[in-house]
Amino acid sequence: MSQLALPLRLADHAVFGSFLATGNETLVATLTELAEGRAGAGCWLWGAAATGKTHLLQAVCDRAGDRAVYLPLAQFTAADPGLLEGMASRELICLDDIHAVAGSAAWERALFGLVNQILDASRALIVAAAMPPRRCPIELPDLASRLARLPVFQANPLADGDRAAALQLRARHRGLELPDDTARYLLTRSRRDMTSLYALLDRLDRESLRTQRRLTVPFVRDVLADRG
């Protein structure tokens, strides 16, 4: 994984290969092209929680390497917006949760300056938010206008029938075998949003390594019982 300019690291699992693109094929193809420098000026990505927005932005940065930078704005709402300085030197800038700083005059002015630098230098900008640009509560009209020009894509949630496949894909990426019956068992014994399911898979991975047991239904049952 590429070390970022800020003291952040990309999640090890956040790569295109571990993201099930079903229902989001056009979005994933566009982001892949952006990461490889084969697309335009960027895009605005929006969707509900646990639809994979952060995963995809980090996957872009993983593919682009040192040409890209990732900033999760929700983690820096209390920080000095001056941390944006110098970001436009990267070819691809990924801003996550931009709605988290909407309404802050200081952040909006700094973002407007950054966006202008990106456009003037023919760089690419990918923005993620919980809503489309015209519903984002950005108060600075010039910033809202600039961002509204980006192509807009929605990250669609996985259908119930695809959640097991997504879990199995993530498991294979981690070097695990997740049998069909175990995947179905997980879906009936856990919260069904992918963030919760992936967190449970992470725990099963650690317990499997510690106990040297495979991801069978009895093993998963024991782990869940231990969790209480």
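See the values below:
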{"read-out": "Unique residue being on the phi > 0 side of the Ramachandran plot, loosely packed, with under 15 Cβ neighbours inside 10 Å and in contact with a Pro (Cβ under 8 Å, 6 or more places away or on another chain) when the list is 175, 103", "value": "103"}
{"read-out": "Conditions (1) in contact with a helix residue (DSSP H, G or I) (Cβ under 9 Å, 6 or more places away or on another chain); (2) not assigned by TED's automatic domain parsing to the domain that holds residue 215; number of the one not met by residue 141", "value": "(1)"}
{"read-out": "Sole exception among (1) closer than 23 Å to residue 119 by Cβ; (2) over 18 Å from the mean Cα position of the chain (by Cα); (3) of a type outside the set (Phe, Trp, Tyr) for residue 56, by number", "value": "(2)"}
{"read-out": "Contacts under 9 angstrom Cβ, first residue in region 9-38 being among the acidic types (Asp, Glu), partner surrounded by 15 or more Cβ atoms within 10 Å (Cβ to Cβ), 6 or more apart", "value": "12/174; 33/39; 36/63; 36/64"}
{"read-out": "From the options 206, 189, residue that is farther than 22 Å from residue 15 by Cα and surrounded by fewer than 20 Cβ atoms within 10 Å (Cβ to Cβ)", "value": "189"}
{"read-out": "Qualifying residue in region 25-37 (condition: part of a loop (DSSP other than H, G, I, E, B), closer than 30 Å to residue 174 by Cβ and either touching a His at 6+ places or on another chain (Cβ under 8 Å) or not assigned by TED's automatic domain parsing to the domain that holds residue 170 (or both))", "value": "yes"}
{"read-out": "Total residues in region 69-108, condition aliphatic (A, V, I, L, M) and in a helix (DSSP H, G or I)", "value": "11"}
{"read-out": "Test for residue 130: is it small (Gly, Ala, Ser) and at pLDDT below 95", "value": "no"}
{"read-out": "Residue 145 vs. criteria modelled with pLDDT of 95 or more, surrounded by fewer than 16 Cβ atoms within 10 Å (Cβ to Cβ) and among the hydroxyl-bearing types (Ser, Thr, Tyr)", "value": "yes"}
{"read-out": "Residue under evaluation residue 117, criteria (1) loosely packed, with under 15 Cβ neighbours inside 10 Å; (2) in the same structural domain as residue 83 (by TED's automatic domain parsing); (3) part of a helix (DSSP H, G or I), criterion not met", "value": "(1)"}
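Residue-by-condition table, conditions (1) modelled with pLDDT under 95; (2) over 22 Å from the mean Cα position of the chain (by Cα):
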| position | (1), (2) |
| --- | --- |
| 95 | no, no |
| 104 | no, yes |
| 137 | no, no |
| 141 | no, yes |
| 152 | no, no |
| 155 | no, no |
| 174 | yes, no |
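The values are calculated or read from the model by the stated rules, or taken from the named source; none is laboratory data. Being a predicted model, the structure only gives us computed values, none of them experimental. Here the Cβ is made from the backbone with ideal geometry for all residues, glycine too, and neighbour counts use every protein chain on show.
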